[in-house]
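Laboratory data are not the source of any read-out in this text; all were calculated from the coordinates shown. All values derive from a computational prediction rather than experimental measurement. Glycine also receives a Cβ, built like all others from the backbone with ideal geometry; neighbour counts cover every protein chain displayed.
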Amino acid sequence: MFQPRLEMRHLRMLQAMARTGSVTRAAAMLGLTQSALSHQIREAERRLGLDLFVQSNQRMQMTPAALSLSEEAGRILAQLERLEKEIARAGGMMRHIVRIGCGAYSGYRWLPHFLKGFQQHAADIDIEVVADATQRPLQALLERDIDVAVTSATPDKASTRSLRLFRDELILIMAPDHPLAGKGVILAQDLSDQVYISYSAIAEKGHEYERFIKPAQVSYRSMLKVELTEAIVELVIGGFGISILSRWAVNHYLRTGALASARVTRKGLHVNWYAATRKSEPDEAPAWRMALALKHWCDNGQHGFDGLPRD
């Protein structure tokens, strides 16, 4: 059996040093004397057989090894804290928390619909929504910040297990009184001289910029970066610009008439959405059980994703 060389106190020491950059401040954070913390540092270095800190300009600088360890220490301590809370909350009876992140979009109108059925069959599982995972859900998944990623990016088979949920269409949205409103189909040239509102300045692979805008070499009047779906929608409704988003994310606003839309090219621009977990998750793991439940929910014609077709 593997015997770790470092103890929890060493992990807390590394985390405190990474946060403060000072032995004095780290010791105060941990409630230790400076001498006691220095002893912990020397002990950790002795156990590992390498230097964790070097003296530079009268300051203690973390070595690359120490920086790597401190990053993992943060994840390990967070996982342990989460597990202890689960056990305490259940009064000793094990419950599981599955953290879910939805790529690109912060709207979760579908979640209550899904949970109504899911929690009847998985009473031992609670859900946490991690909003910070919207920008890079698959990276957040591999870094263990979330357990299930709902994403339109194609998951890597070498590191993840994934299930295709549904096929979606990327559409142009605009205010009902916008000059482009009423056009059934838009071409890339229609976007020139427009203010384009995007949730990220980094183009997502396989989406509108790579497949539609870049090949046409179209330039906007300006681009506005807004990282919340709801904020993008409100700015578009207010006439501050246009955007291209997944139909399922904005169908509610289309049905109420708050937004107008147009297809992107005559054939449309389609993407697949997936539920992904880490490849290491076994079949009985709570995260994989949730992914399977999402797949079953979508395949059986549920309308939590605003009634989108499943084919």
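In this structure, the pairs whose alpha-carbon distance is over 22 Å, taken from LYS157/LYS267; LYS205/LYS225; LYS225/LYS267; LYS225/LYS279; LYS116/LYS295; LYS157/LYS295, are LYS157/LYS267; LYS225/LYS267; LYS225/LYS279. With the simple model of a label 7 Å out from the Cα in the direction of the Cβ, GLU234 to GLU128 spans 2.7 nm. As a length-normalised measure over Cα pairs under 8 Å and 6 or more apart, the relative contact order of region 167-270 settles at 52 percent. Relative to the longest principal axis of the chain, what angle (0 to 90°, nearest 10) does the C-alpha long axis of helix 34-48 take? Result, in degrees: 80. Treating r as the C-beta distance of GLU71 and ASP299 and R0 as 45 Å, the FRET efficiency rounds to 0.70. Modelled label-to-label distance, GLN135 and GLN3, 7 Å Cα→beta-carbon offset: nm? Roughly 4.3 nm, to one decimal. Ellipticity at 222 nm from helices only: DSSP H runs of n ≥ 4 in the chain, each -39500 (n - 2.57), divided by the residue count, give -11500 deg cm²/dmol. Could you give the angle, 0 to 90 degrees to the nearest 10, between helix 8-20's Cα long axis and the longest principal axis of the Cα atoms of the chain? In the chain, helix 8-20 runs at an angle near 60 degrees to the longest axis.
Highest average first, the peptides 174-183, 128-137 ordered by how many other beta carbon atoms sit within 10 Å of their residues are 128-137, 174-183. Taking all C-alpha pairs of the chain, those more than 33 Å from each other amount to 42 percent. Quick one: angle between helix 286-299 and the longest Cα principal axis of the chain, in degrees between 0 and 90, rounded to 10, please. The angle comes out near 10 degrees. For region 95-161, the list of trypsin sites (Lys or Arg not before Pro) that fall in a loop by DSSP and count at most 16 other C-beta atoms within 10 angstrom reads ARG95, ARG109, ARG144, LYS157. Computed over region 167-270, the P(r) tail beyond 23 angstrom holds 15 percent of alpha carbon pairs.
A compact globular protein would have a Cα radius of gyration near 2.2 N^0.38 Å; the ratio found for region 8-88 is 1.12.
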